[in-house]
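In what follows, a single structure is set out as structure tokens and then discussed.
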Amino acid sequence: MKKFMMAALGGTLAGAVLSTQVAAPLMAQEAKKPDSVYQQLDLFGDIFEKIREDYVEPVDSKKLIEAAINGMLSSLDPHSSYLPPNDFSDMRVQTRGSFGGLGIEVTQEDGFVKVVSPMDGTPADEAGIKSGDFITAVDGESLMGLPLDEAVDKMRGPVGSEIKITIVREGEKEPFDVTLTRDTIKLTAVKGRRDGNTVILRVTTFNDQTYANLESSIKEQVKEIGGMDKVDGFIVDLRNNPGGLLTQAIKVSDAFLDKGEIVSTRGRNAQDSERFNATAGDLADGKPLVVLINGGSASASEIVTGALQDHHRAIVVGTKSFGKGSVQTVMPIKGEGAMRLTTARYYTPSGRSIQSLGISPNVVVPQLDTPPADEAAKDDAPKPKMTSEADLKGAITNDSMTEDEKKQALDERTKAGEAAKRRLEDFQMSYAVDLIQGLSALSSDQKTEQPTQKAEAAPAKKDDTKKN
């Protein structure tokens with residue numbers, strides 16, 4: 001490289017002898033130019049050699065190079081990074097749905113490690129780690145200033161081993177320690193259940209199994225209810241879902257859409273832009289749909305939410321999502337490692353980018369915190385019973401209701417009591433279930449009235465058509 005630079009300089013000097021008037025302005029321009037890429041690489045080589053020769057302790061050349069590569073990538077944005085062979089292997093395992101660790105998705109913010117979301121049923125979830133927490137230390141060692149990959153490496157370890165992490169949480173005056181036991185994280189991407197005739201689909205991640213799990217969960221729950229005709233609607237719970245594979249986000253969106261754009265990606269070059277469209281077929285058969293999100297819903301979760309919201313296919317309930325509107329491409333490189341590089345931004349069907357903004361729900365519903373134990377005990381204490389008409393001595397009976405109607409009224413009262421209990425356990429989910437039931441009732445009323453309305457409107461339909 002040095003020889004090349006010297007030869008170039010010799011050529012410039014020879015030119016100066018032949019034509020001083022022409023060469024002088026060119027040399028002045030060269031003097032103003034910043035150092036070339038080759039000079040910067042030369043500088044890197046010099047520093048690398050100085051470290052190897054003069055650092056106080058012997059250093060591993062391979063680790064130095066990997067750190068330099070990772071530093072270059074992580075300086076671009078929080079999601080670009082270098083994946084050494086072991087990390088690359090772990091990542092491929094994760095996308096297949098099983099890996100070892102704490103079950104926590106993290107990002108970096110202002111030099112701190114921030115929790116995007118804990119994964120359901122994992123050590124992090126069971127220990128009460130929350131979306132938005134900051135992890136400042138691992139086993140007493142500060143993470144401040146470390147690259148994200150290094151911080152994550154410190155949280156990894158053998159299955160069954162203990163780890164103590166220090167948490168800073170909004171609303172807490174002091175940092176506090178949480179001790180967890182590392183475990184093998186086996187993710188079922190979608191877990192289905194039902195609340196009455198409402199199907200609830202809890203989507204925890206977007207890995208290779210997500211769409212297949214979603215499809216089988218829908219079939220199973222619909223069968224238990226007694227067929228699609230009896231289903232009130234569907235709730236897709238994407239809270240604390242950190243995202244995953246773009247291909248799976250597209251498939252899950254397509255599961256509830258018949259047509260139209262799902263998402264588009266736009267890279268640096270126009271030819272790298274892509275658009276993904278829905279195909280015919282709605283697994284929910286057009287039933288009312290609610291999507292639940294919160295601050296831990298990121299990336300692929302936001303793609304699904306944005307597509308269903310823009311097409312008015314779903315009502316989005318909860319709180320604002322995380323706001324990760326970029327796409328990372330994992331590129332294998334020499335040495336069995338890989339590079340995770342941000343290559344595009346994605347846009348919802350309406351053309352909006354949610355990068356750093358997040359998706360705002362149609363209905364903002366904050367989650368109610370569980371009351372402290374002492375307050376809960378107070379709530380359980382006996383309370384004076386409110387008197388109603390039925391409690392009054394000599395009150396006349398209701399003779400307008402049949403026994404079946406009375407039974408129905410009692411059933412409705414029981415359901416209302418169960419709903420009240422559900423609100424204490426998960427207020428956002430309770431709101432979503434109530435919303436589905438309301439939409440289902442409205443839809444049923446409209447279907448019942450539709451034939452009559454058509455018959456009455458028939459004579460006037462021609463006039464209406466002309467006016468339009």
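The values are calculated or read from the model by the stated rules, or taken from the named source; none is laboratory data. From a predicted model like this one, the values you see are computed outputs, not experimental measurements. Here the Cβ is made from the backbone with ideal geometry for all residues, glycine too, and neighbour counts use every protein chain on show. The area values use the complete protein model at the heavy-atom level, side chains included, leaving out ligands, DNA and RNA. Shrake-Rupley method; radii C 1.70, N 1.55, O 1.52, S 1.80 Å.
To the nearest 10, the accessible area of R275 is 150 Å² with a 1.4 Å probe. Distant-in-sequence amide contacts of Q355, defined by a placed amide H-H separation under 5 Å and a gap of 5 or more residues or a different chain, comprise G325.
A 1.4 Å probe, protein heavy atoms only, puts the accessible area of S443 near 40 Å².
Note on region 71-170: Kirkwood radius taken over Cα pairs, Stokes-Einstein applied at 10 °C and 1.306 mPa s, translational D equal to 112 µm² s⁻¹.
Can you bin region 45-92 into rounded, prolate or oblate? Criterion: square roots of the alpha carbon gyration tensor eigenvalues sorted a ≥ b ≥ c, rounded for a/c under 1.5, prolate for a/b above b/c, oblate for the rest. Taking the square roots of the gyration eigenvalues as a ≥ b ≥ c, region 45-92 is oblate. Each principal axis of the Cα atoms in region 163-268 has its own extent, and those three values, largest first, are 53, 46, 30 angstrom. For the set S75, S61, S326, the ranking by accessible area, highest first and with no ligand, DNA or RNA atoms included, is S75, S61, S326 under a 1.4 Å probe. Take 256-268, 151-163 and order them by the average number of nearby Cβ atoms within 10 Å per residue, most first; the result is 256-268, 151-163.
Computed on the Cα atoms alone, the convex hull of region 264-379 gives a volume of 195 cubic angstrom per residue.
Amide H contacts of V365 (H built 1.01 Å from N, in plane; Pro and chain starts excluded): G318, T319 sit under 5 Å, all sequence-distant by 5 or more or on other chains. Pull out a ≥ b ≥ c, the square roots of the eigenvalues of the alpha-carbon gyration tensor of region 196-251, then state rounded if a/c is under 1.5, prolate if not and a/b is larger than b/c, and oblate in the remaining case. Because a/c hits 1.5 or more and a/b exceeds b/c, region 196-251 counts as prolate. The fraction of all Cα pairs in region 250-328 landing in successive 5 Å bins from 0 to the largest distance is 3, 15, 25, 23, 18, 11, 4, 1, given as whole percents. The dipole here belongs to region 243-380: it is taken about the Cα centre, uses +1 on the Cβ of Lys and Arg and -1 on the Cβ of Asp and Glu, and is about 780 debye.
A cut-off under 10 angstrom between Cβ atoms defines the neighbours of V327, and their net charge, with Lys, Arg +1 and Asp, Glu -1, is +2. Modelled spin-label separation between H312 and R92, with each label point placed 7 Å from Cα along the Cα-to-Cβ direction: 4.7 nm. Rg over Rh for region 245-295 works out to 1.06, both radii taken from alpha-carbon positions and Rh defined as the Kirkwood radius. Applying a threshold of 29 Å to the alpha-carbon distances of K191/K230; K230/K251; K186/K259 flags K186/K259 as lying beyond it. Remark on T198: its backbone amide H falls under 5 Å from those of D232, a criterion applied only to residues 5 or more positions apart or on other chains, H modelled at 1.01 Å from N. The shape of region 195-354 comes out prolate: with a ≥ b ≥ c from the C-alpha gyration tensor, a/c is at least 1.5 and a/b beats b/c. Measuring with a 1.4 angstrom probe and ignoring ligands and nucleic acids, M144 comes out at about 110 Å² accessible. Placing dummy labels 7 Å off each Cα toward the beta-carbon, the span from D110 to F44 is 3.1 nm.
Residue-wise HN-Hα couplings along region 356-367, as the Karplus relation 6.51 cos²θ - 1.76 cosθ + 1.60 with θ = phi - 60° gives them from phi, are 6, 10, x, 9, 8, x, 5, 10, 7, 9, x, 7 Hz; Gly and Pro carry x.
Accessible surface ranking for T166, T179, 1.4 angstrom probe, highest first: T179, T166. Ordered by 1.4 Å accessible area with all protein chains kept, H79, H312 run largest first as H312, H79.
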